[in-house]
1. List the pairs whose first member sits in region 180-195 and is farther than 25 Å from F413 by Cα, whose second member is basic (K, R), and whose Cβ atoms are under 8 Å apart, counting only residues at least 6 apart or on separate chains?
2. If you check M309 against the conditions, is it at pLDDT 90 or above and out of contact with any Cys (no Cβ under 8 Å at 6 or more places or on another chain)?
3. Please find, among P341, P334, P354, the residue that is over 19 Å from the mean Cα position of the chain (by Cα) and of a type outside the set (A, V, I, L, M).
4. Within region 27-59, restricting attention to residues that are surrounded by 13 or more Cβ atoms within 10 Å (Cβ to Cβ) and small (G, A, S), which residue is modelled with the lowest pLDDT?
5. Only one residue in S288, S302 is over 21 Å from Y54 (Cα atoms), among the hydroxyl-bearing types (S, T, Y), modelled with pLDDT under 75 and touching a helix residue (DSSP H, G or I) at 6+ places or on another chain (Cβ under 6 Å). Which one?
6. Could you give me the residue pairs with C-beta distances under 9 Å whose first residue belongs to region 296-310 and is of a type in the set (V, I, T), whose second residue is at pLDDT 70 or above wherever it lies, and which are 6+ apart or on separate chains?
7. Is one or more of the residues making up region 331-342 over 25 Å from W290 (Cβ atoms), surrounded by fewer than 22 Cβ atoms within 10 Å (Cβ to Cβ) and in contact (Cβ under 8 Å) with a residue 24 or more places away in the chain?
8. Does any residue of region 137-148 turn out to be touching a residue at least 60 places away in the same chain (Cβ under 8 Å) and surrounded by fewer than 24 Cβ atoms within 10 Å (Cβ to Cβ)?
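The values are calculated or read from the model by the stated rules, or taken from the named source; none is laboratory data. Predicted model only: the values in this text are computed from it and were never measured. For neighbour counting, all protein chains shown are included, and Cβ atoms are generated from backbone atoms with ideal geometry for every residue, glycine included.
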Amino acid sequence: MTIVIFMGSLLGAMALGVPIAFALLACGVALMLHLDSFDTQILAQNLLEGVNNYPLMAVPFFMLAGELMNAGGMSRRIVAVADALVGHLRGGLGYAAILTALVVASVSGSAVADTAAVAAMLIPMMRNAGYDVPRSAGLIAAGGIIAPIIPPSIAFVVFGVAAQISVTKLFFAGIFPGLMMAAALGCTWWFCARKESSAKLQKFEMRRLIKALADGVWALILPVVIIGGMKFGVFTPTEAAVVAVVYSLVVGLLVYRDLDLRRLPVLMLSAAKTSSTVMFLVAAALVSAWLITIADIPSQASTLLRPFMDNKILLMFMMMVLVIIVGTALDLMPTVLILTPILMPIVREAGIDPVYFGVMFIMNNAIGLLTPPVGTVLNVAAGVAGTSLDSVIKGVWPFLLAQTALLFLFVLFPSLVMVPASWFR
C-alpha cells in the first residue's frame, strides 16, 4: 500500500503538470499523511538539510566553470585541436565531435551543457561540409551523455550525496567507462560515415595541428589539472570545482583574452539559475528519500526483487531494465534522486559494490537522456541544429544502441569497470 501511495502521488502530480521538485514534495506530504506523522517543521527541516551538504557545493562551481570555459574561448580551441587531428579522415568532423565532447565533458560535468556547446560549434561546420545534419546532431547528442560519466560529473556528486558514497571513488570509477563510451561512438560513426560520401574531405597539415595544439594547450591542461589534483590528493572534488572556475577565469581573461569582464554577471546569473534548479530538486528529493526510509519502502521493493538476489548479474540486469523504463519518462536528476534511496539498500544487501552500481546507474540514466519522449539532450541537439526532433531521433538510434550494448557488457563483466577504477585510485 505504501508503494502505491508513493508512486500514485508522485505520478499523479507529474501528470497534472506539477514541476518535478514540487511533485516530490507532494509525494513526501502524502507519505507523511499516510504514516500519520505530518509536521510542517519536520518537512522544512529536511528540506534545508537536503542541500546542507559540502560535496553539493561542487555543483554551482562546475556549472560556472562550464560557462566561463565556453565564453572564454576554451571550447572553441578544443574543437580546433580535434578538427586538426582527425578532420582529414572520412567522417573526420564526426570523430572531432566525439573527441571534443570527451574533453569538454571532463570540465563541464553536464550532458546538456556539453551537448549545447559542441553542437553550437560543430553543427554549422558539419552542415557546410555536407554531412547529414540529423545524424550529426544524433552523434553530438550521444557524445554529450559522456559528461555524466567522465569526472567531474555533477550526476556523480548528487548520487554520492544521496547514496552516501565517496564522490572521489565514483569519479575515478567513471573514467574508463567514459572512454569506452567514446570508443563505442567512434566505432559506430566509422560504420555510419561510409554513407557520408558527399562530405568534403580536408588534407592533414602538421603545421595546422601544431598551431592548434599551441593555441589550445591551456584548454587541454584543465582536465589534467582536475583529475591529477584529485588523484594525488591535492584537493577534493568540491575544491576541484573551485580550481576549475579560477583556472577558466584566468585563462579566459589573461591568456586568451576572449572573456569580457562585463559578461561575468550574466555568466554567473546563468550558472546560478541552473544550479538553483538542481539544488532545489535535490532538497525536495531528499525529503522524499527520508520518508521512503521511514516508510520502509526499500524492504518492500527488496521483497519484489528477492527471486534475483542470489544472482548479482541477473539482479543488476533487472535493475538496469527498471532504470531504462523510468528514464524514458523522467530526466536524469529526478530518476537518480527518486530511485537511489529505493535501490541502494537492495544493492548493499545483495553484496554489489556500491561504486560499481553508481557508475552503472548514472550511465543508464545518461542513456535515458537520449530516449524519447523526454530526451532532454535530444531536444537540445535538435534545437541547436535547427531540425525536427523526429529526424534527430532517427539519427541517434545507432549511437543509442551502441551505448546500451556497452551498458549491458558492463553488467556481464563488472571487472571492466572496477579493475580500471583501481588503477586510477
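1. C192/R135; A193/R90; R194/R90
2. On the way: at pLDDT 90 or above: no; out of contact with any Cys (no Cβ under 8 Å at 6 or more places or on another chain): yes.
No; evaluated as a whole, the condition is false for this residue.
3. On the way: P334 fails: over 19 Å from the mean Cα position of the chain (by Cα); P354 fails: over 19 Å from the mean Cα position of the chain (by Cα).
The match here is P341.
4. Looking only at region 27-59, we keep the residues that are surrounded by 13 or more Cβ atoms within 10 Å (Cβ to Cβ), and these are 27-32, 34-35, 38, 42-43, 45-47, 49-51, 53, 55-59.
After this cut, where a residue has to be small (G, A, S) as well, the list is 28, 30, 50, 58.
Numbers: G28: 77, A30: 80, G50: 65, A58: 80.
Filtering first and then ranking leaves G50.
5. Going through S288, S302 in turn, the sole match is S302.
6. I297/F6; I297/L31; I297/L291; I297/P341; I297/I342
7. Here is the first cut: in region 331-342, the ones over 25 Å from W290 (Cβ atoms) are none.
There is no residue in region 331-342 that is over 25 Å from W290 (Cβ atoms), surrounded by fewer than 22 Cβ atoms within 10 Å (Cβ to Cβ) and in contact (Cβ under 8 Å) with a residue 24 or more places away in the chain.
8. no
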